[in-house]
Amino acid sequence: MAELKWWQKAVFYQIYPRSFADGNSDGIGDFIGMTERLDYLADLGIDAVWISPHFPSPQFDVGYDVSDYVNVAPEYGSLDDFKRFRDEARKRGIRVILDLVLNHTSHLHQWFIESRSSRDNPKRDWYVWHDGKNGAPPNNWLSPFGGPAWEYDQATDQYYYHFFLKEQPDLNWHNPEVKKAMWDATRFWLDMGVDGYRLDAIGTIFEHPAMLDHRSEWTQEQMRRALKNGFAHGEDKELTKKWDLMYGLQVDQDGVHRLMQELRVVVDEFPERMLVGESDDIEFYGDGSNELHLAFNFPLMNTKHLNPNWIRNNQTARLAALPPGAWPCNTFNNHDSSRMNSRYGDGKNDEAIARAVLALVLTLRGTPFLYNGEEIGMSNYRLTDLSLFRDPPAVWFYEKEIEDGSSPEQALILAADNTRDRCRTPMQWSAAANAGFSPEGVQTWLPVNPNYVQGINVANQQDDPKSTLNFYKRMLQLRKQTPSLISGDYTPLHETSNDYFSFLRRSADPEQTCLVVLNFSDKARNLKFNLKAGAARCLFSTHKSENEVLSLNALNVAPFEIFIGELIS
Ligand code: GLC
Ligand code: CA
């Protein structure tokens, strides 16, 4: 245990700043609000926060279009507000990591404004500019956010490349000046004491240098139709292949690992900092010590039905693939995905399933990342009017649905179910108007999910011992007090069951072995474990009492039970 780094022991909590807490009553989250909620986070029991981009931005992609890397968005506060947040977090033992968007800037970043001003501007080559081909873009590349990946710039008669929105031009990372400028920005926040970064969209940093046309036989419209019920990559191998054929030349290209190694050197100038990559590619761990500290295990969450076989297969593959010394990292939702509560439910036992998923992410080997609101069981919200959408790809999606013959009502529902806005609504703090996020009468930047009046809010759950919130607190506490759940190895048991998932976590120092049984089904079971230890002392169970000693020759497990016990000999 002692030799583990802080980020190996920590539970991270993602804050989506625009939606977390509104401290100045303008309908938008901010640093004053976040600072006021630090006691809540400390009490919840998390150890670190990842803050989605808080930088100045015209907000075409809710902050993932940065127009100044070394400042705070005015609507979120000032640098002083940030520093106060940092100091108050530190006082409570909470680490802070930020979001680093390397692939692109906002089209309103000073660098791009200069770059597009003329062909011989010194910053022209900071972005990816190309001549057109016979009055058309340089090639047929597309943006997964909708439409071509090239935007024509009339003033200089060239095209610039953007993997995401046209308001997010890609930087040219072959240019050493770009690197220098970005590493300076990286150091700016590390100097200010932040503990590391979540790296945005690193897979898109380089493009295939030959810039040849992709050879997908599918149109983007065919792809959109195929994806419209959600993209569960892991499950649909054919679709994944088609996606790679369309976008493969634009992602995961040579050079990115060298670049990550350079970034690691920058970050290592500062003690105890960490990097987590928004990529599930194991290669981002490098040799285990020279690239990123963590890369998200997205394949685990990329399924519509989370069942024990899926989890076991994922763990076997993932853990075996890690290079020596590399540490796993698991998560089930974030600001881009469907909320976990809405995703894995069966319509009848949603709450119990969501709790089993939390127990899973906190007991698997690796660093867990939680997403704000999941601790009170927030679910996806379906927007009711196109004018309320804030996520541009969803508006594109809507328009395509209409072209495709859907009625406006149908198109709206489909777009609302697909938009990333669904998981970005304001945090539900209480049963007061606007869920206590903003005062009554204030228009919040996205609507508040009306289910806050049905007990899906912090205040109501705080005092209810049976609430989801108190379940989270107990689980987080348990993890902290149980060394094998943090440092232990992983051994799956009963590997043929697709109803329940059981495994051991065993640590050497201190010596401890825990048995975890997560019943994902509505069937009761009586389980026999052939282990050297014949009994376990209950540390946590949704159905048994703490400290009860249970025989492992006949362990009764209730429907959807979560059982965590320490083996005793
Ligand atoms: C990442 C972010 C996503 C953003 C995209 C472009 O995938 O998580 O929210 O839209 O990068 O920056
Ligand atoms: Ca505000």
(message) For the range 161-177, which positions are without any contact (Cβ under 8 Å) to a residue 60 or more places away in the chain and within 16 Å of ligand 1 (Cβ to nearest atom)?
(response) 161, 162, 166
(message) Please go through (1) within 11 Å of ligand 2 (Cβ to nearest atom); (2) touching a Phe, Trp or Tyr at 6+ places or on another chain (Cβ under 8 Å) for residue 74 and return the number of the only condition it doesn't satisfy.
(response) (2)
(message) Go through the range 165-180 and report how many residues are more than 18 Å from residue 201 (Cβ to Cβ) and either open to solvent by less than 20 Å² (accessible area, probe 1.4 Å) or out of contact with any Asp or Glu (no Cβ under 9 Å at 6 or more places or on another chain) (or both).
(response) 3
(request) Output yes when any residue across the range 136-147 is over 33 Å from the mean Cα position of the chain (by Cα) and not in a loop (DSSP other than H, G, I, E, B), and no when none is. (result) yes
(request) Output the residues belonging to the range 255-283 that are of a type in the set (S, T, N, Q) and open to solvent by 20 Å² or more (accessible area, probe 1.4 Å). (result) 261
(request) Looking for whichever is within 19 Å of residue 179 (Cα to Cα), at pLDDT 95 or above and in contact with a strand residue (DSSP E or B) (Cβ under 6 Å, 6 or more places away or on another chain) here; the options are 277, 255. Which one fits? (result) 277
(message) Going residue by residue through the range 342-356, is there one that turns out to be free of Cβ contacts under 8 Å to residues at least 12 places away in the same chain, at positive phi and out of contact with any helix residue (DSSP H, G or I) (no Cβ under 6 Å at 6 or more places or on another chain)?
(response) yes
(request) Could you list all residues from the range 415-444 that are in contact with an Asp or Glu (Cβ under 8 Å, 6 or more places away or on another chain), among the charged types (D, E, K, R) and in a loop (DSSP other than H, G, I, E, B)? (result) 424
(request) Working carefully through the options 187, 124, find the one that is open to solvent by 40 Å² or more (accessible area, probe 1.4 Å) and modelled with pLDDT of 95 or more. (result) 187
(request) Have a look at 68, 99, 87 and point out the one that is assigned to a loop (DSSP other than H, G, I, E, B) and either of a type outside the set (Gly, Ala, Ser) or surrounded by fewer than 22 Cβ atoms within 10 Å (Cβ to Cβ) (or both). (result) 68
(request) Give me a count of the residues in the range 182-220 that are within 29 Å of residue 13 (Cα to Cα), away from ligand 1 (no atom under 15 Å from the Cβ) and not in a loop (DSSP other than H, G, I, E, B). (result) 10
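The values are calculated or read from the model by the stated rules, or taken from the named source; none is laboratory data. If you're wondering where the values come from, they're calculated on a predicted model, not measured in any experiment. Cβ atoms come from the backbone with ideal geometry, glycine included; neighbour counts cover every protein chain shown. These area figures cover heavy atoms from the full protein model, side chains too; ligands, DNA and RNA do not enter into them. Shrake-Rupley method; radii C 1.70, N 1.55, O 1.52, S 1.80 Å.
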